[in-house]
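One structure is given here, and the rest of the page talks about it.
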Amino acid sequence: MINTKDINQILIIKLRGIGDVVLSTIVLKSLRLEFPTARIDYLTEKPGNFLLEPLEEVADILIFKKKTLSDRLKTFLEVRKNKYDLVIDFYSNPGTAQITYFSGAKYRAGFPYKGRKYAYNLYGPSERDKYHAADLHLEFLKNIGIRTVSEPELQFGIFDHELGSAGKFRDKLNLHEKKLVGLSPSGGWQSKKAPAVIFINAAKALKVIEPDIHFLIHWGPGDESDANKITGELGKDATLAPPTSIREMGAFLKICDVVLANDSGPMHICAAVGTPVLGLFGPTSPSLQGPYGKFNSYIHNGDLHCIECNLLQCPHNQECFNELSSSKIAEELKKLLNN
């Protein structure tokens, strides 16, 4: 196991999308507890680096370069030069395994996948599907002998001026006593994106049982059509959020009282910034990827024959979303608002 006296420099490796990076931040407080004076760096991809920049626990962010052999060699050399004592590879694909192996670190931790175990001398859980994606990171730490905090939480970095701008935006809406409900039609896979009409019908159903609400429509690149359709259908009861950076999106999600979102980066951002979120699930498993935290919930059609198919494109007619009850979604949102 790890001798804590040996650890002065730590590197966390976590690639892929915004949601994946957000989920990995659950380990930061535990690492700081175990190694109070150690430097903690991250190796990640854009745009995940932007949410890490404001976090106090993260000293430096290395950007994973993979386009060319030259780019990959630069990443290898940068990691090697930093002389890390502990490398925690939460991604553990062939490329990050190689980086970990050649890092020169005394302690090298990763998942025990076939063909990659050579790179590590400490291992995370062999069965990943037993744990929620956030909890999996904590189980990883336990496996390599690192204590975890009693109340772990996700983190998402927002600078004060970004949160201030979002707060001023809400003030200009003149909501008075109204609640602000966010709608986020984003999704990394096409099959994870509920059709715009699902958001529209759920919003209208919620408006019937909770009249004193206003909707803020969140969007990112590729969501423009759905976002404009939702905003147009809801009329005076909805406002389209302005174009934002990743951190600014986090600030706009934070000013909402509750958010309805697909399984996506924005859903996980809500969980990290403390905004109650209701996740819409179809091809993915809410028990593994659902919104983390006791103030969040999800809804999915668990009786459907093809539910949790994990297909990037739906071969049917998105029954997992189209057969959801808008009144049921509205009732779940009301519960989160009342809590």
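Annotations for the structure displayed:
- Acute angle (nearest 10 degrees) that the helix 133-143 long axis makes with the longest principal axis of the chain, alpha-carbon atoms: 20
- Label zone (residue 63, point 7 Å along Cα-to-C-beta; backbone nitrogen cut-off 13 Å) within region 3-45: 44-45.
- Binning all Cα-Cα separations of region 160-338 at 5 Å, short to long from zero, yields these whole-percent fractions: 1, 9, 19, 23, 23, 15, 7, 3, 1, 0.
- For region 4-143, the Kirkwood hydrodynamic radius comes to 15.0 Å, computed from all pairs of different C-alpha atoms.
- Each principal axis of region 51-206 carries a Cα extent, and these read 58, 40, 35 Å when sorted largest first.
- Charge dipole (debye, nearest 20) of region 160-338; +1 at Cβ of Lys and Arg, -1 at Cβ of Asp and Glu: 320
- Estimated 222 nm signal from helices in the chain, with DSSP H stretches of n ≥ 4 weighted -39500 (n - 2.57), rounded to 500: -10500 deg cm²/dmol
- Viscosity 0.692 mPa s, temperature 37 °C, Stokes-Einstein D of region 134-252 from Kirkwood C-alpha radius, µm²/s: 198
- Less than 5 angstrom separates the built amide H of residue 213 from those of 179, all sequence-distant by 5 or more or on a different chain.
- Evaluating 6.51 cos²θ - 1.76 cosθ + 1.60 at θ = phi - 60° for every residue in region 23-37, the Karplus couplings come out as 4, 6, 5, 4, 8, 4, 5, 5, 5, 5, 5, 6, 10, x, 10 Hz, glycine and proline recorded as x.
- Remark: spin-label model distance residue 210-residue 4 equals 4.3 nm, labels positioned 7 Å along the Cα→Cβ axis.
- The charge dipole of the chain, taken about the Cα centre with unit charges on the Cβ atoms of Lys, Arg (+1) and Asp, Glu (-1), comes to about 1060 debye, rounded to the nearest 20.
- Inter-part distance where region 9-41 and region 200-233 are each reduced to a Cα centre, Å: 35
- Which of 214, 157, 98, positive extreme of dipole for the chain (C-beta unit charges): 98
- Each other residue within a Cβ distance under 15 Å of residue 244 adds +1 if Lys or Arg and -1 if Asp or Glu, for a net charge of 0.
- Placing a label point 7 Å from the Cα of residue 173 along the Cα-to-Cβ direction, the residues of region 287-315 whose backbone N falls under 20 Å from that point are 296-297.
- Beyond 22 Å in Cα-Cα separation lie the following of the pairs 207/328; 81/114; 168/334; 168/236: 81/114; 168/334.
All of the numbers you see were taken from the coordinates with simple rules; none came from a lab. Keep in mind that this is a model prediction, so the values were computed, not measured. Every residue, glycine among them, receives a Cβ derived from its backbone with ideal geometry; neighbour counts consider all protein chains shown.
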